[in-house]
Amino acid sequence: MVSVSIIGVGRVGGALALSLPAEKYFVENLIYRGDSDISAITEKLLRVPAVVSFDVLGSISSDIIFIATQDAYIVPVARELTAKITGSPIVFHTSGSYASSILDDLRAFGCVTGSIHPLVSISHAEFGPSRFRDAFFCVEGDSRATQTGTQLVVDLGGRPFSIDTKFKTLYHAAAVTACGHLVALFDAAVEMMSKTGLSSEESKKILMPLVTSTIQNLSEQSISAALTGTFARADIDTFTRHLTTLNENVSDDLLEIYLLLGERSLELATKQGVSPERIDTLKTKVSIAKSKLKW
């Protein structure tokens, strides 16, 4: 049985606690800071772990330690851990934007260090067991950490992959663009739709099937083939009418989002065989519209 301690029992840390197979891993410590209430997680575990504040934690001897805190706390926690660890555990952090090198204090102390980042949106810890299944996890670090991390991901039902450590932050920026920015973009679309007189909730409900079908297209086709709509056709007349109504009804910020993504969409449209002349004409119109937004 592999013993595990998790420091930081938020969405990712809690999801790990609930998702690690109980027949192979024993979550012996759930370690928190502040006034966290993690009873919703502990009551779902087959074996009751010790629940302890990091500030009063005496010693820790687990085989594997996860630091699943917010990014800003990883280094301070790692430094303080050097006085609490017994043995030579494998220590992982779960940040997407930092490489395992930020655990150098623990590496110098004799620990094996690495990082495991689930490339999936976990908005609540209880979603972990289902969301981790078939999700990709970025694993990097010491050779032994990478080997152990890869097995951990497999045991979670996920799919491990690795990248060069120097690109870890770029990897995370791409993930934020695909996930967090997607939510922000959807919020912009809901705001536009609500200008028609629909409520925000009605707008969300109406737009969701469209988004779902687009994601389905992306899963089944190339990116350029999945593009549909005005810019996929280089439809100049429709763009002109869009521009008029957006100028009349929405903020410059929303209009700029529309125009910037329109430029990107036109790059994809070139791969669909759309008339280069129409694309060039529309690009020019988009560029002129953007220039009018500059003060």
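The values are calculated or read from the model by the stated rules, or taken from the named source; none is laboratory data. Small disclaimer: the values here were computed from a predicted structure and weren't measured. Reconstructed Cβ throughout: ideal geometry from the backbone, glycine too, with neighbour counts over all protein chains shown. To get the accessible areas, we keep the full protein, side chains included, count just its heavy atoms, and leave off ligands, DNA and RNA. Shrake-Rupley method; radii C 1.70, N 1.55, O 1.52, S 1.80 Å.
Computed quantities for the displayed model
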read-out	value
Whichever residue in the stretch 174-191 is open to solvent by less than 50 Å² (accessible area, probe 1.4 Å) and out of contact with any helix residue (DSSP H, G or I) (no Cβ under 9 Å at 6 or more places or on another chain) and, among such residues, is farthest from TYR25 (Cα to Cα)	GLY180
Residue match in the stretch 166-180 (condition: more than 30 Å from MET208 (Cα to Cα), among the polar types (S, T, N, Q) and at pLDDT 95 or above)	no
Tabulated pairs, the stretch 239-255, first without any contact (Cβ under 8 Å) to a residue 12 or more places away in the chain, second open to solvent by less than 70 Å² (accessible area, probe 1.4 Å) and among the aliphatic types (A, V, I, L, M), C-beta under 7 angstrom, 6+ apart or interchain	ASN247/LEU255
Those helices (runs of 4 or more DSSP H) lying entirely in the stretch 195-295 with at least 2 residues of a type in the set (Val, Ile, Thr) and within 30 Å of the chain's Cα centre (by Cα)	200-220, 252-270
Yes/no for ASP134 being outside any helix (DSSP H, G or I) and open to solvent by 60 Å² or more (accessible area, probe 1.4 Å)	yes
Residue count, the stretch 140-157 (criterion: closer than 17 Å to VAL2 by Cβ and open to solvent by 60 Å² or more (accessible area, probe 1.4 Å))	4
Criterion violated by PRO160 - all others in (1) surrounded by 15 or more Cβ atoms within 10 Å (Cβ to Cβ); (2) farther than 22 Å from ILE74 by Cβ satisfied	(2)
Failed item in (1) over 30 Å from SER95 (Cα atoms); (2) open to solvent by 60 Å² or more (accessible area, probe 1.4 Å), with ILE223 passing the rest	(1)
Odd one out for VAL48 among (1) surrounded by fewer than 24 Cβ atoms within 10 Å (Cβ to Cβ); (2) over 22 Å from ARG144 (Cα atoms); (3) in contact with a Leu (Cβ under 7 Å, 6 or more places away or on another chain); (4) not charged (D, E, K, R)	(3)
Matching residues in the stretch 62-96 - criterion: being small (Gly, Ala, Ser), surrounded by fewer than 16 Cβ atoms within 10 Å (Cβ to Cβ) and under 18 Å from the mean Cα position of the chain (by Cα)	ALA72
Subset of the stretch 11-35 [modelled with pLDDT under 90 and open to solvent by less than 60 Å² (accessible area, probe 1.4 Å)]	GLY34
